[in-house]
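Written out below as structure tokens is the structure these notes cover.
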Amino acid sequence: MDNVVPADSEGAIETRGIEPVPDHERHGRVRELFPTWVAANISVLLLTMGAALVVFNQLNFWQVLIVAACAALASFGMVGVLSVSGKWGGAPGAMLSRATFGVRGNLFPGAILWVARFGWETINAVTGAYAVLTVLDLLFGIKSNNILIVITLFVFVACTFLVSGMGRKALNVCNTWSTYLFGIFSVLVLGYLIANIHWDDVFSKPAGTTAMMIAGIGTIAAGGISWVPTGPDFTRYLPHAASGKKIAGVTISGAGLVMVPMVLMGAVMAVATPGLADAPDPVSFLGDILPTWLAVPYLITAIVGMLLINSLSMYSAGFTAQTMGVKLPRAMAVSINALISLVGGLLLMLVAKSFLSSFITFLILLAVSFSAWIGVYAVDMARRRTRAVRYDAEGLMDTGRTSRYWYVGGFCWQAMTAWTVALAAGICFTKCDWFTGPLASTFVGKYGLSWAATIAISAILMAVLPTPKEGGSSSEAAEAASSPEKVAA
């Protein structure tokens with residue numbers, strides 16, 4: 001059995017770890033998810049990604065609009081739908097995944113997701129540090145140097161660690177206020193761009209190819225796809241009666257409200273800054289486009305936003321660490337991610353030659369690594385929809401042979417087979433700066449659909465393989481007897 005830390009989720013600092021939330025503590029509301037997913041997208045990286053659609057994909061304004069809208073709907077649609085499992089089982093996604101892959105089998109996809117999350121947190125930490133350096137330059141004329149890079153990155157990661165360690169309630173409060181502030185300054189930036197950008201240049205840009213549009217959807221969607229396994233982490237405090245449709249709707253609307261205009265603004269800025277692709281960092285160009293009185297407060301609110309994004313990510317990463325067997329409280333488990341983000345960030349800022357190309361490559365690989373998990377988990381979740389007991393709390397916490405989710409030797413061979421085959425296929429379809437897969441020249445590879453193919457392959461294999469047979473559990477009979485009406489979606 002996993003070590004369970006006594007939980008008191010009602011305090012300012014959340015002490016609950018991976019153990020499922022009991023019904024009497026489920027006081028959350030669906031509308032609380034809105035600022036969470038708004039805050040999860042408050043990042044100047046979206047400006048960079050929008051700019052990349054113009055610089056690398058050669059898309060025009062209307063194509064970028066379509067790409068951004070489709071990416072938000074596709075990625076955060078999956079986040080919203082799979083987040084419903086959080087209110088079913090009251091546990092983090094990494095924990096519920098034990099029911100899908102087996103208590104031992106879950107370690108393998110969990111390890112891949114954990115490593116991928118290190119990369120995402122490192123990218124965000126680096127962007128936050130660059131934003132701080134840009135503010136120092138704009139306000140005080142302090143130019144970046146290696147010592148200052150180390151200091152700013154360390155401070156950013158330390159602040160992220162402190163906020164993420166406080167837990168769900170503290171994050172909800174911070175997310176709400178950052179949403180208001182960032183919204184205000186984003187409107188100001190949008191107004192400035194409308195008044196000062198040469199729109200003839202923007203709208204006269206020729207259209208790019210359909211292939212580059214489809215590939216662009218995958219690039220922008222990658223950020224949202226990375227949130228899918230952690231979506232249940234933020235719905236586990238919702239009561240069973242919470243509407244699944246509302247969960248999905250609030251998730252999509254919260255993310256889309258930020259994603260679409262941010263990506264569009266990045267595309268517009270790229271037209272005014274043709275050399276953006278060669279910029280050493282993803283932030284400094286804002287100081288060239290916006291006046292100081294607007295660039296500084298906008299960057300400061302963006303810094304807060306990126307800090308919250310990393311805090312949300314590290315919050316969930318703490319659960320993943322505990323699920324992987326790290327015998328530490330969640331707040332302490334987060335320190336592992338913080339340390340890796342610091343080391344990885346220093347390498348990216350001091351060693352890597354091009355941030356933008358490294359970032360795009362990372363997004364491509366990120367989408368594939370998460371997609372294999374998504375297809376398997378989605379099919380397993382669909383099968384549980386009509387069950388009286390969708391997730392057994394005792395079975396999730398039990399990692400021994402008596403666990404309901406022991407399957408065969410601790411592995412659900414159907415899920416493991418589907419995940420392994422899909423992940424290998426997705427990598428074969430992938431082409432990036434670091435390597436080219438043997439199937440990258442196919443239709444799927446040329447159109448940047450390796451992530452979609454990975455989801456489809458894993459889902460189809462999981463669906464056609466024999467349905468896994470779970471073990472018995474004493475809690476199932478007791479819960480089904482006491483709550484026969486609990487089948488509502």
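The values are calculated or read from the model by the stated rules, or taken from the named source; none is laboratory data. On a predicted model such as this, the values are computed, not experimentally measured, just so you know. For neighbour counting, all protein chains shown are included, and Cβ atoms are generated from backbone atoms with ideal geometry for every residue, glycine included. Note: areas computed on protein heavy atoms with side chains; ligands, DNA, RNA excluded. Shrake-Rupley method; radii C 1.70, N 1.55, O 1.52, S 1.80 Å.
Some values worked out for this structure:
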{"read-out": "Tally of residues being aromatic (Phe, Trp, Tyr), at pLDDT 85 or above and under 30 Å from Val408 (Cβ atoms) across the stretch 104-161", "value": "1"}
{"read-out": "Residues of the stretch 38-64 that turn out to be closer than 15 Å to Met269 by Cβ and in a helix (DSSP H, G or I), as a count", "value": "13"}
{"read-out": "Selected residue (criterion: nearest to Trp227 (Cα to Cα)) from residues of the stretch 88-107 that are under 19 Å from the mean Cα position of the chain (by Cα) and not in a loop (DSSP other than H, G, I, E, B)", "value": "Gly93"}
{"read-out": "Residues of the stretch 48-93 satisfying the condition of being modelled with pLDDT under 95 and hydroxyl-bearing (Ser, Thr, Tyr)", "value": "Thr48"}
{"read-out": "Whichever residue in the stretch 134-150 is touching a residue at least 60 places away in the same chain (Cβ under 8 Å) and in contact with a Leu (Cβ under 9 Å, 6 or more places away or on another chain) and, among such residues, is most open to solvent (accessible area, probe 1.4 Å)", "value": "Asn146"}
{"read-out": "Given (1) under 22 Å from Ala222 (Cα atoms); (2) part of a loop (DSSP other than H, G, I, E, B), number of the condition Gly375 does not satisfy", "value": "(2)"}
{"read-out": "Scan of the stretch 400-435 for residues that are open to solvent by 40 Å² or more (accessible area, probe 1.4 Å), modelled with pLDDT of 90 or more, out of contact with any Lys or Arg (no Cβ under 6 Å at 6 or more places or on another chain) and not in a helix (DSSP H, G or I), ordered by number", "value": "Arg401, Thr402, Tyr407, Val408"}
{"read-out": "Residues of the stretch 324-357 that turn out to be under 20 Å from Gly223 (Cα atoms), open to solvent by less than 50 Å² (accessible area, probe 1.4 Å) and either acidic (Asp, Glu) or at pLDDT 75 or above (or both), as a count", "value": "5"}
{"read-out": "Matching residues, the stretch 189-202, being in a helix (DSSP H, G or I) and closer than 18 Å to Val260 by Cβ", "value": "Val189, Leu190, Gly191, Leu193, Ile194, Val202"}
{"read-out": "The stretch 30-47, subset of a type outside the set (A, V, I, L, M) and modelled with pLDDT of 90 or more, residue nearest to the chain's Cα centre (by Cα)", "value": "Trp37"}
{"read-out": "Any hit, the stretch 185-198, residues being in contact with a Lys or Arg (Cβ under 7 Å, 6 or more places away or on another chain), at negative phi and open to solvent by 50 Å² or more (accessible area, probe 1.4 Å)", "value": "no"}
